[in-house]
Amino acid sequence: MNHSSNELATQSALGNLALRIDGAARAASLRDTVAAAVPAFVAAAERPPGLAVVLVGEDPASEVYVRSKGKATRESGMLSVEHRLAGDASRQDVLTLVRRLNADPAIDGILVQLPLPAHIDEAAIIAAIDPDKDVDGFHVVNVGRLALGQDGFVPCTPLGCLILLQQALGDLAGRDAVVVGRSNIVGKPMAQLLLQQGCTVTVAHSRTRALAEMTRRADILVVAVGRPEMIRGDWIKPGAAVIDVGINRVPAADGRTRLVGDVAFEEAREVAGFLTPVPGGVGPMTIACLLRNTLVAACRRASLPPPPGLAPGSGKHQR
Ligand code: NDP
């Protein structure tokens, strides 16, 4: 699928609803691509790619994430290793484990599940991970590589957003992009990726003035704020591609809870050209990109070329 901005605007002017970007389907396809490439790696390296996940403490949400990451890793044919440390583990305990995993030849990717308990300095732990095994892309070396346009590891959520945008729009060069949110794990790397693709990028945050005027100029709008349905339909340029990263749990009519994004979906789909739903949009791409990064890490460590179909579109606009 590949539509020009004019086609997108026309589509909306005709009153059509936005095309829903099916993140679950795109994620399934990326996971299939990874799984299909694993046997060739195993044949060449005589071992599977290996991902180690470190969980400290018993945060229930983190438990769920770690379990689903492990399951997805095994389903793709890779080695999944989980290390669980008690909530009162010391910073030194975590550092010792990370260093052991750095030295383990069977491990290509190390993921320390965040947040860590308050008494452990996250920055120090991330800094201890070998940058070439840092499949989350949080190490300062990978942050620097991304800023300089060098090969490294890109955080999984913004990488997933880029893949969805490229699938919807094709070449992104020349488009006006607004990223709302400037966190280190989503907003900032997202802005870097869009800049690399030749977009003109504006990054908005809690101190931004006249946010709605800014978002209304965006051909591409990526929202990662964590405020339920903050972006209204009339904040969106007709025909824009809108990526909703937010995951917010709100009370539902039946007394239970439901998930909503940072974008008011029903309003936005009357205006946007493309729109990701929540759930089923960006979320599934995050795990698929983690598997992708792990396989790429394994190939680099084994001096093998990365399998085709895993890279986001050409970096030809990169400087
Ligand atoms: P953070 O809380 O780290 O960052 C939120 C950003 O939003 C900050 O930069 C903040 O600005 C900005 N912000 C807050 N309020 C406003 C406002 N009123 N107007 C404009 N900007 C505002 O969140 P994350 O980046 O970690 O996550 C964002 C959302 O994405 C959350 O809902 C999270 O659950 C979800 N998420 C989803 C993932 C997925 O896989 N789908 C993965 C990661 C996150 P400032 O910097 O000025 O404080």
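Here, each number is a calculation from the coordinates, and none is a lab measurement. None of these values were measured; they are calculated from a predicted model. We place every Cβ from the backbone using ideal geometry, glycine too, and count neighbours over all the protein chains shown.
See the values below:
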| read-out | value |
| --- | --- |
| Cα pair distances of the chain binned at 20 Å [whole percent] | 32, 57, 11, 0 |
| Student exercise, the chain dipole from Lys, Arg, Asp, Glu Cβ charges, in Debye to nearest 20 | 340 debye |
| Exposure proxy order (Cβ contacts within 10 Å, fewest to most) of Val54, Val140 | Val140, Val54 |
| Degrees, to the nearest 10: 23-45 long Cα axis against longest axis of the chain | 30 degrees |
| In order through region 120-137: 3J(HN,Hα) via Karplus (6.51 cos²θ - 1.76 cosθ + 1.60), integer Hz, x for Gly, Pro | 10, 6, 4, 4, 5, 6, 4, 5, 7, 6, 4, x, 7, 10, 7, 6, 7, x |
| Taking the chain and dividing mean pair separation by its residue count, relative contact order in percent (alpha carbons under 8 Å, at least six apart) | 23 percent |
| Size of electric dipole in region 233-287: Cβ of Lys, Arg +1 and of Asp, Glu -1, about Cα centre, debye, nearest 20 | 200 debye |
| Region 197-250, Cα convex hull volume normalised per residue, Å³ | 91 Å³ |
| Magnitude of the charge dipole, region 155-283, Cβ model with Lys/Arg +1 and Asp/Glu -1, debye to 20 | 400 debye |
| Positive dipole terminus of the chain, leading residue within Asn16, Ala191, Val278 (C-beta point charges) | Ala191 |
| At q = 0.22, 0.23, 0.29 Å⁻¹, base-10 log of I(q)/I(0) for region 19-81 (Debye sum, equal scatterers on each alpha carbon) | -0.93, -0.96, -1.16 |
| Convex hull volume per residue for region 68-224, taking Cα atoms only, in Å³ | 138 Å³ |
| Kirkwood-based Rg to Rh ratio, region 155-283, C-alpha trace | 0.95 |
| Rule-of-thumb Rg ratio for region 44-138 [Cα; 2.2 N^0.38 Å; N residues] | 1.04 |
| Calculated [θ] (222 nm, deg cm²/dmol) that DSSP helices of n ≥ 4 give over the chain, each run adding -39,500 (n - 2.57) | -12500 deg cm²/dmol |
| Orphan Cys of the chain, criterion: no other Cys C-beta under 4.7 Å | Cys161, Cys199, Cys299 |
